[in-house]
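Just below is one structure, and these are the notes that go with it.
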Amino acid sequence: MGTDARGFTLFEVLLSITLIGFLMLTLLIGLRVANRAWRTGEARLRQVHAEAERNAFVVEQISSLVPYQVTTSDPHLPGTFIVLQASATCLRFVSSYSSVFRSRSGLVLAEYGIVEVSPEYLEVALRETPVGDNDVLFHRLVRSVTNDPETGVPLLNYQPFSVRVTDLPLMTGLRAAWFEYLDVHPEKGAGPAGKGTAPVWRQDWHSREEAPYPEAIRLRWDRGNQEGEEVIPVRAKFMPQSTSGQ
C-alpha cells in the first residue's frame, strides 16, 4: 500500500529558520533594552542614595556647630572673635562632626564654599581642618580687622575661599546655589513699618550680642530642571567663655 511521505521543501526550511532568527533577534533586543533600563535605574538609585547620604552629612555637620570664639595674641588683629563666617557663598564654622578628621580637641573647622567650576555650573565644596592652635585657626579665616566708622564695631575681612584638589565636592552640576540664615530677632526697623519682629532669612549673617548665631541655616540650589533646599536648625544658642590662644 503506497504512502504519501512528503517532507519539507528547502524553501519551508529556510523560512522556518528565518522566522526563528527574527524571534531570537527580537528576544535579544528586548533583553538588551531591559538590561540597559535596569542598569540606568540602578545607577539612578545609587545617585539618589549618594545624594541623600551627602545631604544627611551636611545636616549633621552644620547642626553640630559649636559656639567657639578665640582671643588672638596677634597685635595686628587684637580682640576676641566668634569663629563664624556666614555669607551667601561661604560658610565657615567649628563643628564636632567630621567626615574624616579626628583632632585632639574633637573639633574641626568646616569650610563650605560655593564656587564656579565652569561658566555655567557651580559646586558646593567642603574643606575640613582639625582645630588646634587658635591663632593659626584665626589667621586661616581672617585677613584683617577694621572698625566700623560709625559704631566702632570690629569688622572682619575674611580670607577668600578658593577650591583645592583636596576639597570634597558635595554637590555638583548646579546652575545656582546660596546659603541663607534665619534671624528670629531682627533689629528694629529691619521689618515692614519698622517693627522688625517677623523672622527673616538673610544672605549675610552678622553676629550680635543678642543673636550670635542664626536660628537655622538654609542651603538652596537649582540644577536647571530641579530646585531644592535643605533647612538645618542650629543648636548653638549661647557663647562660651573666651578661649585664649594656645
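For region 100-131, how many residues are at pLDDT 80 or above, outside any strand (DSSP E or B) and surrounded by 14 or more Cβ atoms within 10 Å (Cβ to Cβ)?
Residues meeting the conditions: 4.
List pairs: first in region 151-172 and surrounded by 14 or more Cβ atoms within 10 Å (Cβ to Cβ), second in a loop (DSSP other than H, G, I, E, B), Cβ under 6 Å, 6+ apart or cross-chain?
P154/G79
Can you tell me which residue within region 224-246, out of those that are buried (at least 16 other Cβ atoms within 10 Å of the Cβ) and not in a strand (DSSP E or B), is modelled with the lowest pLDDT?
Only one residue tops the list, namely A236.
Considering only residues that are in contact with a Leu (Cβ under 9 Å, 6 or more places away or on another chain) and not hydroxyl-bearing (S, T, Y), which ones fall in region 136-148?
Within region 136-148, L137, F138, H139, R140, L141, V142, R143, V145, N147, D148 meet the criteria.
State whether one or more residues within region 135-146 are within 24 Å of Y97 (Cβ to Cβ), surrounded by 13 or more Cβ atoms within 10 Å (Cβ to Cβ), in contact with a Phe, Trp or Tyr (Cβ under 9 Å, 6 or more places away or on another chain) and among the β-branched types (V, I, T).
Within region 135-146 (the criterion being within 24 Å of Y97 (Cβ to Cβ), surrounded by 13 or more Cβ atoms within 10 Å (Cβ to Cβ), in contact with a Phe, Trp or Tyr (Cβ under 9 Å, 6 or more places away or on another chain) and among the β-branched types (V, I, T)), the answer is yes, since at least one residue qualifies.
Does region 40-54 contain at least one residue that is at pLDDT 75 or above, surrounded by 12 or more Cβ atoms within 10 Å (Cβ to Cβ), within 22 Å of P233 (Cα to Cα) and of a type in the set (A, V, I, L, M, F, W, C)?
For region 40-54, residues at pLDDT 75 or above, surrounded by 12 or more Cβ atoms within 10 Å (Cβ to Cβ), within 22 Å of P233 (Cα to Cα) and of a type in the set (A, V, I, L, M, F, W, C): absent.
Restricting attention to region 129-157, which residues are of a type in the set (A, V, I, L, M) and at positive phi?
none
The values are calculated or read from the model by the stated rules, or taken from the named source; none is laboratory data. Not measured: the values here are computed from a predicted model. Glycine gets a Cβ as well: all are built from the backbone with ideal geometry, and neighbour counts include every protein chain shown.
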